[in-house]
Amino acid sequence: MTNWNNDGSRLHLLKTFKAILDQQSVIGAADIRGITQSAASKHLAGLRIWFNDELFVRTAHGMQPTPKALSIAEHIDKILCELDLLSDANPFNPALLRDNLVLATTDEVAGWLLPSLRARLQDMAPNLRLTLISLEPDYSIRKLEAGAVNLVISVNWHAPDQLMQKRLFGDRFVCLMSRKHPLAGKILTIDDYADAAHLMVAPLGKQRGFIDDVLSRHNRKRLVCLSVPQFKLITPELLGDDHIITLPHRVADNLAGSGQLVIKTLPFDTPMIDYYIFWHRRFTNESLSVWMRDLIADILKDSL
């Protein structure tokens, strides 16, 4: 019978605890740790004896942590991070990564980021798998806490206070329309803008956007005829000659490159659109998270 009371064995248990919490799966934890599923299961059994709690319960959504597991997770993270910092024999080496890093973001960010990120990862971390998922209304806070999502990149409209964040870059809102639109040849007024037929991109599926709040302060409101979840769905054909759309300048500039659309300055002031990278504080000092945050910030700084 394995003796889990010596320090070396307990360190293995703590690493498996973190892997199960992050992967929500004993099989996934075994893969990440490079051990057999049987060994991971034995580690879980040892953890349950050690902490006198089930720690993880099998559900339709994977192995979910108990309240006890969540209460000790941050302490275990700190212990493992401190050990990493003390270990000169095993410095962080991206080339050895075999993880699956999950990034939640919107389609315009993915378009700016992915070409350069894929190329750099192929060179620096060829065995790292990158998985992109759609941004969720709660900024994936539960998945970030559990480690099921590593990072989120988005505008900070209403990000939960529990998340850590770092500003990546800024942009501004502009108006885009067909060159054949009746408003294309004139300077927009706020009444022109409010009376026009609008399309809207709403990645989180909300009925109102930031622009609607600005218009309300001017005692105006707009008619949104169609709302879509992704910027890539906006085309000259969808806009037609009778609709306008408000979107970040970099997105508009790319769409206007076809020559069929024209960018117009908004007839009212709006704050800058600031894009941030978010992560849960549990992973602030995790080597993979730190490295990826710095890499993404460097790419977006150079490409925008």
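The values are calculated or read from the model by the stated rules, or taken from the named source; none is laboratory data. Because the structure is a prediction, the values reported are computed rather than measured. Note that we place each Cβ from the backbone using ideal geometry, even for glycine, and neighbour counts take in every protein chain shown.
For the reader, a short list of remarks on this structure follows.
- Evaluation of Thr131 against the conditions (1) under 25 Å from the mean Cα position of the chain (by Cα); (2) part of a loop (DSSP other than H, G, I, E, B) shows that the sole unmet condition is (2).
Residues are listed down the side, and each one gets a yes or a no for (1) surrounded by fewer than 16 Cβ atoms within 10 Å (Cβ to Cβ); (2) assigned to a helix (DSSP H, G or I):
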| position | (1), (2) |
| --- | --- |
| Phe92 | yes, no |
| Arg98 | yes, no |
| Val109 | no, yes |
| Ala119 | yes, yes |
| Lys143 | no, yes |
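- Just one of the numbered conditions (1) free of Cβ contacts under 8 Å to residues at least 24 places away in the same chain; (2) in the same structural domain as Asp298 (by TED's automatic domain parsing); (3) farther than 23 Å from Leu288 by Cα; (4) not hydrophobic (A, V, I, L, M, F, W, C) is not true of Arg142: (3).
- Pair list, Cβ under 7 Å, 6 or more apart: region 284-295 residue in contact (Cβ under 8 Å) with a residue 60 or more places away in the chain, other residue surrounded by 17 or more Cβ atoms within 10 Å (Cβ to Cβ) and in a helix (DSSP H, G or I): Ser289/Phe283; Trp291/Pro94
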